[in-house]
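Rule-based calculations on the coordinates, nothing more; no lab input. What you see is a predicted model; the values in this text were computed from it and never measured. Cβ coordinates were reconstructed from backbone atoms using ideal geometry, including for glycine residues, and neighbour counts include every protein chain displayed.
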Amino acid sequence: MNTTLRPLDVILVHPDALSKITLRCELDKKLISSLEWGFVLHPDEYKNTRYSDIAEGSVIDWGVPEGYDDVVQYMSEMTVPYSLPIAGPAENIISLRRLVNAQPENIRNGVAWTTGTACHLKNMLQ
């Protein structure tokens, strides 16, 4: 796997590999913390991850192209609300991971889904 990860890739990382990601900003810290809380609240959720071997020092690239508001809105509507402290973002990411995993690979790895996921996470974590 590359050393630069999209937010969509990060939500699919196995909990044992999260420590290999270098945290460069507050958004990175909030995402990793929410992921860790999700695995604490739902210990079996690791079964829904896809990447267990990422490079040490991997970084998250939050850059996204313009548009895809419809995908962001869809993700917001199809995931658990994130209004509660700690549990809200963790539960939202779990439901987002399940939503992403339900998509065929060509959809999941397409620009719309990767952009929508990044924007949804930014909206939630900022």
With an 8 Å cut-off on Cα pairs and a minimum separation of 6 or more residues, tell me the relative contact order of the chain in percent.
35
Sort C119, C25 so the one with the fewest other Cβ atoms within 10 Å of its own Cβ comes first.
C25, C119
Quick check: pseudo-label points 7 Å beyond the Cα along Cα→Cβ at T4 and S33, how many nm apart are they?
2.7
